[in-house]
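A.B. asks: Got a structure for you, questions after.
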Amino acid sequence: MQDLPFEQQLAWAETQMPVTRDAAGRLPDLSHVHLAYMGHLSLNITTALASFLQRGARLFLTTCNPVTVRDEVVHYLKDRGAEAHAWKDISTQAYREGIDKALAWQPTHTCEMGADLTVAAHAAGTTSIRAALEATGSGINRLPGLGLRYPVFNWDDLPIKEGLHNRHMVGLTTWQTFFERTWLSLHGKHIVVVGYGLVGQGVAAAAKAFGGVVSIVEKDPTRKLLARYDGWKTAALRDLAPAADVVVTATGVPGVIDADTVALLKPGCFLLNVGHTADEIDLSALPERRTVLPFVEACRVGDHEVYLLAGGAMANLTAGHGDSLNAFDITSAVMVAGVGFIATLDTGWPHTLHPLPEAVWRSVAARAVELEGW
């Protein structure tokens, strides 16, 4: 599909995202809003971001992940009035400059994935921001102790996002990407999933559905119990790694796969990550890499090689087509409704972390059911 002209791709995407279009049509006037967006810049988010411009908002774009930027998306939105500091494979220095530019732009509201803007805003003493949305568990985990100076609304821990997007969509698109890029299936392969949050749960379930034999690594005792009750074998990574054919990280924690783990892997094992950040696999443990297929690198480990998918970045978004349009439609619509909510927020909200109010996301769920005719 990416061989088609971008406008043709976008036109198709919009026809498959009726819930987002509906939410966009319900947005209030946003002419008083200066929205800084720091997230993935992919085809399926374009309709949502364009809707803010259509309702009068000023929009500044930067990215939460250097490898999940589609330059066509950035150019399309800039042509419609957005300002941007984002491009594919943006350098670490330029990435940080994007954060500084976004804050210097004096946003009134932010919508982000990973909390880099929020952390930087508090370090810099930024006073223009009135409210924010945060979409990731890793970002939410960074907020305690910041002493928030404005309300931040968590729209990750919602049944309509966590239970649908994280649990069902990421796992499916992860394995679709694996099949497309490696020309392999999972039949007879031992899959080790590191992390049994909702993303890990979806990755494990989809792997089994596609013929894999699945084991789970999880340090949290509650999640480990859940994995056992779901029927999975659980063990320490050091015990499972030597027999693994594929190791998938889904934790949001840097360095989950370190040099000690890499040394245990058998020849031909695949490493891939579906967590939010690109550092769950310590790339310094894989210094000798050569490309053997697009997005697949062979990495020398002692006297043999293992394989790294998508350079350790989010595999489904970096090496694949990303989230399916119809499933992401609901997630995108929640973001649109969330921006509409914080744009009309009164000043009485405490300056702390809040769940996105039920009335906001339940209205999206109700419209999704109605529009799909379920």
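A.B. asks: Name every residue in the stretch 193-208 that is on the phi < 0 side of the Ramachandran plot, assigned to a loop (DSSP other than H, G, I, E, B) and modelled with pLDDT of 95 or more, in order of residue number. Please lay out each step first, then the result.
C.D. replies: Going residue by residue through the stretch 193-208, those that are on the phi < 0 side of the Ramachandran plot are 193-194, 196-208.
From the residues that got through so far, the ones that are assigned to a loop (DSSP other than H, G, I, E, B) too are 196-197.
Correct list: Tyr196 only.
A.B. asks: Let me ask something additional. Does Asp303 meet the test of being farther than 23 Å from His168 by Cα, acidic (Asp, Glu) and out of contact with any Ser or Thr (no Cβ under 9 Å at 6 or more places or on another chain)?
C.D. replies: Details: farther than 23 Å from His168 by Cα: yes; acidic (Asp, Glu): yes; out of contact with any Ser or Thr (no Cβ under 9 Å at 6 or more places or on another chain): yes.
Yes.
A.B. asks: Quick check: anything in the stretch 175-192 in a helix (DSSP H, G or I) and aliphatic (A, V, I, L, M)?
C.D. replies: Looking only at the stretch 175-192, we keep the residues that are in a helix (DSSP H, G or I), and these are 175-182.
Still in the list and also aliphatic (A, V, I, L, M): none.
No, every residue in the stretch 175-192 fails to be in a helix (DSSP H, G or I) and aliphatic (A, V, I, L, M).
A.B. asks: Let me ask you something else. Are any residues in the stretch 251-268 touching a Pro at 6+ places or on another chain (Cβ under 9 Å) and of a type outside the set (D, E, K, R), and if so, which ones?
C.D. replies: Within the stretch 251-268, the first condition is being touching a Pro at 6+ places or on another chain (Cβ under 9 Å), and the residues that meet it are 264-266.
Of everything in the stretch 251-268, those that are touching a Pro at 6+ places or on another chain (Cβ under 9 Å) and of a type outside the set (D, E, K, R) turn out to be Leu264, Leu265.
A.B. asks: With respect to Thr261, is the statement that it is under 21 Å from Gly188 (Cα atoms), polar (S, T, N, Q), touching a residue at least 12 places away in the same chain (Cβ under 8 Å) and buried (at least 20 other Cβ atoms within 10 Å of the Cβ) true?
C.D. replies: Values: under 21 Å from Gly188 (Cα atoms): no; polar (S, T, N, Q): yes; touching a residue at least 12 places away in the same chain (Cβ under 8 Å): yes; buried (at least 20 other Cβ atoms within 10 Å of the Cβ): yes.
No.
A.B. asks: Among the residues of the stretch 326-337, how many are within 17 Å of Thr174 (Cβ to Cβ) and surrounded by fewer than 23 Cβ atoms within 10 Å (Cβ to Cβ)?
C.D. replies: Initial filter on the stretch 326-337 (within 17 Å of Thr174 (Cβ to Cβ)): 327-328, 331.
In the following step, the residues that additionally are surrounded by fewer than 23 Cβ atoms within 10 Å (Cβ to Cβ) were identified as 327.
Here the count works out to 1.
A.B. asks: Looking at the stretch 153-173, is at least one residue small (Gly, Ala, Ser), in contact (Cβ under 8 Å) with a residue 24 or more places away in the chain and closer than 14 Å to Gly338 by Cα? Step through it out loud before you land on a result.
C.D. replies: Start the filter on the stretch 153-173 by keeping residues that are small (Gly, Ala, Ser), which leaves 163, 171.
Those left that are additionally in contact (Cβ under 8 Å) with a residue 24 or more places away in the chain: 163, 171.
Applying the additional criterion that residues be closer than 14 Å to Gly338 by Cα yields none.
Within the stretch 153-173 (the criterion being small (Gly, Ala, Ser), in contact (Cβ under 8 Å) with a residue 24 or more places away in the chain and closer than 14 Å to Gly338 by Cα), the answer is no, since none of the residues qualifies.
Each row is one residue, and each column tells you yes or no for (1) among the polar types (S, T, N, Q); (2) within 25 Å of Val334 (Cα to Cα).
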position	(1), (2)
Lys88	no, no
Glu97	no, no
Thr136	yes, yes
Glu162	no, yes
His165	no, yes
Trp175	no, no
Phe179	no, no
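A.B. asks: Turning to a different aspect of this structure: Please indicate, with yes or no, whether at least one residue in the stretch 208-217 is within 18 Å of the chain's Cα centre (by Cα) and without any contact (Cβ under 8 Å) to a residue 40 or more places away in the chain. Walk me through it before giving the result.
C.D. replies: Within the stretch 208-217, the subset within 18 Å of the chain's Cα centre (by Cα) is none.
No, there is no match, as no residue in the stretch 208-217 is within 18 Å of the chain's Cα centre (by Cα) and without any contact (Cβ under 8 Å) to a residue 40 or more places away in the chain.
A.B. asks: Here's a follow-up. With a cut-off of at least 3 residues that are in contact with a strand residue (DSSP E or B) (Cβ under 9 Å, 6 or more places away or on another chain), name the helices (runs of 4 or more DSSP H) lying wholly within the stretch 1-63.
C.D. replies: Numbers: elements: 6-15, 18-25, 46-54.
Per the criteria, 46-54.
A.B. asks: Separate question: For the stretch 229-240, does any single residue satisfy the condition of being crowded, with 17+ Cβ neighbours inside 10 Å and touching a residue at least 40 places away in the same chain (Cβ under 8 Å)?
C.D. replies: Yes: one or more hits.
A.B. asks: Let me ask another. Would you please list the contacts, defined by Cβ atoms under 9 Å and residues six or more apart or on different chains, that run from a residue in the stretch 345-369 that is assigned by TED's automatic domain parsing to the domain that holds Asp29 to a residue that is modelled with pLDDT of 90 or more and acidic (Asp, Glu)?
C.D. replies: Leu353/Glu134; Val364/Asp22; Arg367/Asp22; Ala368/Asp22; Ala368/Asp329
A.B. asks: Specify which of the listed residues (Ser51, Ser42) is in contact with a Lys or Arg (Cβ under 7 Å, 6 or more places away or on another chain) and either under 12 Å from Leu77 (Cα atoms) or buried (at least 22 other Cβ atoms within 10 Å of the Cβ) (or both). Let's see the steps before the verdict.
C.D. replies: Numbers: Ser51 fails: in contact with a Lys or Arg (Cβ under 7 Å, 6 or more places away or on another chain).
Answer to the check: Ser42.
A quick yes/no check of all residues on (1) more than 30 Å from Lys161 (Cβ to Cβ); (2) touching a His at 6+ places or on another chain (Cβ under 7 Å); (3) among the acidic types (Asp, Glu):
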position: Leu271; (1), (2), (3): no, no, no
position: Glu288; (1), (2), (3): yes, no, yes
position: Pro294; (1), (2), (3): yes, no, no
position: Glu297; (1), (2), (3): yes, no, yes
position: Arg300; (1), (2), (3): yes, no, no
position: Val306; (1), (2), (3): yes, no, no
position: Gly312; (1), (2), (3): no, no, no
position: Asn316; (1), (2), (3): no, no, no
position: Gly320; (1), (2), (3): no, no, no
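The values are calculated or read from the model by the stated rules, or taken from the named source; none is laboratory data. Everything numeric in this text was worked out from a predicted model, so none of it was measured. Note: ideal-geometry Cβ built from the backbone for every residue, glycine included; neighbour counts use all protein chains shown.
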